[in-house]
Amino acid sequence: MPKRPNVDAIEFLKGRIYLGAYDYQPQNTDKLVYFTVEDSLPYNPFHLDFGPLHIGHLYRFAVVLHNILNDNDNRGKAVVFYSSGGSRERANAATLLCCYMILVQNWSPHQVLHPICQCDPPFMPFRDAGYSHADFEITIQDVVYSMWRAKERNMIDITSFNLEEYEQYERVDQGDFNVISKDFIAFASPQQARAGAPLNEPFTKVLEYFVKNNVKLVVRLNSHLYDSTEFIKRGIQHIDMIFDDGTCPTMEYVQKFIGAAECVINAGGKIAVHCKAGLGRTGCLIGAHLIYTHGFTANECISYMRMIRPGMVVGPQQHWLYLHQNEFRDWRHTMVLDSIPDDSIGGLYSLISYEEFKNRNRKEKKILQSEEIANMNLAKLDTTTATDTSPATPVRRRKFSGQLKSAHRAVPLKSPGQPRKSSPQRSQYYNTNNSDDDEYVSERQIEQENYNDQVNHDHKVNTNDVDYIEASEQVIPSSSPQKSGGSNRTVSNVLDGSTSNQQWRVLRSITNPGNGSTANGIQLTKTRTTTTTTRTTTIASSPPPYQAQLAERYNLEDSLKIPKGRSRTSSGARVRSRLSSQTGAEKIIGSGGVRKASLTRKSP
């Protein structure tokens, strides 16, 4: 391990690297090697500024230091980097060595700042490139942290730095521009005598480099000194965001600039920004984007830009950047790219508040919904007017209880004779079904019901041994074995012995009442009053003789000839109609729901 030499200098790396300041030129010894770059790497001031030295100076300093450390003659010796005793020279020398330790030796900021934090006298802070009294200062600490943050964000890599290109294009006659980061180029305004005039050498260098390095947008912040079509015809979009020299942009300008830059960066392009000198106004907008994107502080941002392009951000622009740094940083979380292109920035998208974005989308959505509703109503109106202009019958709607709904489901759809329990009068014909088609009953249907009532009445008068005859009950011929079998099963279910004999009813054959030995024998049936709405009816295959006479009287011959498939008329309607005309003694069944079963017995 190297020993600490006895030297009047600040130790950075024990036994190897030291920082000193002397008013004389020290001489090398057996243990110490001295060197300086004060004369070979001078700072070129604009006015009263003196530093810091830019990235090209830092690269050259690193090369000189490495050559000295790797020299065989200096093996085992300590290297002292020194400057003169002036405050400005001491500050520049200390900044070079600190940035070297950050970018090359990968030291952390607190390790770099620890050796120089207690120096006496302290190091002089840096100022802007103005000529008035400096009211804003940049310290070595700001420069160190800016280099560290840029390295962490992959904005700068000293090992791959192209020194030749950097020193070429920073010259005024070669274009006067610098690559601030992988996304931004700052340059001075090109000049052209008139529109269409031949291009000078600096302008030509700028155009060639921009086309070669995928620059897609040029932002001009000063008055017109050249024809913008020179960029446009080379496939580079050009926009103007002009404001006065030495002033600060408005927040609206900054939002538009950051939004436009984000659009180009997301598409893989680069942005070139210039004012007249490419320092003040250019530094304001690029600095705002660096704070927005990488989280720099204002002092770190100014320090970094001056390390790349000396003199950036002048006078009150430093305070403006400092005052709005937190706002720019917060925009990363409170602003979004607008969804509406902005014509003032060439159809690109500006930044917009997230709350404003949501409120506007909400309003647009409501407007679209109202327009859709209006269009639908207009379409319906046009369709109604074009297709049917006649008045439509209003649809009658009723509210049913659960019992009536279940009854409606149990009854077949086409059953206009289905009665309602609450309507004993003839108005039941108009309330027997839930469908609008069953609301009206024709006169012919009413006459047929009157005819059926008359048939039932005559049958009751002619049969003295029957207590009660169901109006709609007719005997099924015994010649049909399937129906006879169904009737036997029904009777077997009903005749379970639990019902008294008084409830039995005897029905004589009305097909041939004079012949008791025919196939149509006497049938027995048992009636039971139930609450269900399902009713069973049986229809004779041919009408009795006296029905034909009544049919001639009412002129209803056609109505008697009903096929079997359509002979399921509702018996409940006729029962209720007949019961309404009976006396109290004749009203045997008190409920409209009757379940019947029939049994056909063959004569021996």
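The rows are residues; the columns are (1) assigned to a helix (DSSP H, G or I); (2) loosely packed, with under 14 Cβ neighbours inside 10 Å; (3) acidic (D, E).
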position: V79; (1), (2), (3): no, no, no
position: N92; (1), (2), (3): yes, no, no
position: T95; (1), (2), (3): yes, no, no
position: Y100; (1), (2), (3): yes, no, no
position: H110; (1), (2), (3): yes, yes, no
position: Q118; (1), (2), (3): no, yes, no
position: M124; (1), (2), (3): no, no, no
position: D128; (1), (2), (3): no, no, yes
- Message: I need every pair where a residue in region 51-63 that is under 10 Å from E167 (Cβ atoms) has its Cβ under 7 Å from the Cβ of a residue that is modelled with pLDDT of 95 or more and acidic (D, E), sequence separation at least 6 or different chains.
- Response: G56/E167
- Message: For region 158-167, which positions are without any contact (Cβ under 8 Å) to a residue 12 or more places away in the chain and not polar (S, T, N, Q)?
- Response: E164, E165
- Taking D342 as the residue in question, decide whether it is in the same structural domain as I239 (by TED's automatic domain parsing), more than 18 Å from F184 (Cα to Cα) and either touching a Ser or Thr at 6+ places or on another chain (Cβ under 7 Å) or surrounded by 24 or more Cβ atoms within 10 Å (Cβ to Cβ) (or both). yes
- Output the qualifying pairs, or none if there are none: Cβ atoms under 8 angstrom, residues six or more apart or on different chains, first residue in region 88-109 and small (G, A, S), second residue buried (at least 24 other Cβ atoms within 10 Å of the Cβ) and in a helix (DSSP H, G or I). A91/I140; A94/I140
- Item | Scope region 43-77; condition in a loop (DSSP other than H, G, I, E, B) and acidic (D, E); matching residues | D49, D71
- Item | Of residues in region 38-50 being within 60 Å of the chain's Cα centre (by Cα) and either in the same structural domain as M307 (by TED's automatic domain parsing) or within 14 Å of S84 (Cβ to Cβ) (or both), the one surrounded by the fewest Cβ atoms within 10 Å (Cβ to Cβ) | P42
- Message: Could you check region 190-221 and list, in sequence order, the residues that are of a type in the set (S, T, N, Q) and under 43 Å from the mean Cα position of the chain (by Cα)?
- Response: N213, N214
- Return a yes/no flag: does region 200-207 have any residue that is of a type in the set (F, W, Y), assigned to a helix (DSSP H, G or I) and more than 17 Å from I286 (Cα to Cα). yes
- Message: Consider region 259-268. How many of its residues are under 25 Å from Q191 (Cβ atoms) and either more than 35 Å from the chain's Cα centre (by Cα) or not hydrophobic (A, V, I, L, M, F, W, C) (or both)?
- Response: 0
- Identify, from the list V219, V211, the residue that is β-branched (V, I, T) and in a helix (DSSP H, G or I). V211
- Message: Condition check: assigned to a helix (DSSP H, G or I), at pLDDT 95 or above, in contact with a strand residue (DSSP E or B) (Cβ under 6 Å, 6 or more places away or on another chain) and not polar (S, T, N, Q). Does V254 satisfy that?
- Response: no
- Return yes or no: is H224 in a loop (DSSP other than H, G, I, E, B), under 30 Å from P316 (Cα atoms) and in the same structural domain as G268 (by TED's automatic domain parsing)? yes
- Query: Here are some conditions: (1) over 19 Å from H57 (Cα atoms); (2) more than 48 Å from the chain's Cα centre (by Cα); (3) not hydrophobic (A, V, I, L, M, F, W, C). P109 meets all but one. Which one does it not meet?
  - Reply: (2)
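Taking region 112-150, which residues are closer than 20 Å to I17 by Cβ and touching a residue at least 24 places away in the same chain (Cβ under 8 Å)?
Passing the criteria: V112, L113, P115, I116, C119, F123, I140, Q141, V143, V144, M147, W148.
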- Message: Take the residues in region 19-34 that are crowded, with 16+ Cβ neighbours inside 10 Å and more than 60 Å from the chain's Cα centre (by Cα); name whichever of them is farthest from P115 (Cα to Cα).
- Response: P26
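The values are calculated or read from the model by the stated rules, or taken from the named source; none is laboratory data. This one's a predicted model, so the numbers in the text were calculated from it and none came from an experiment. As a convention, Cβ positions derive from the backbone with ideal geometry for all residues, glycine included, and neighbour counts pool all protein chains shown.
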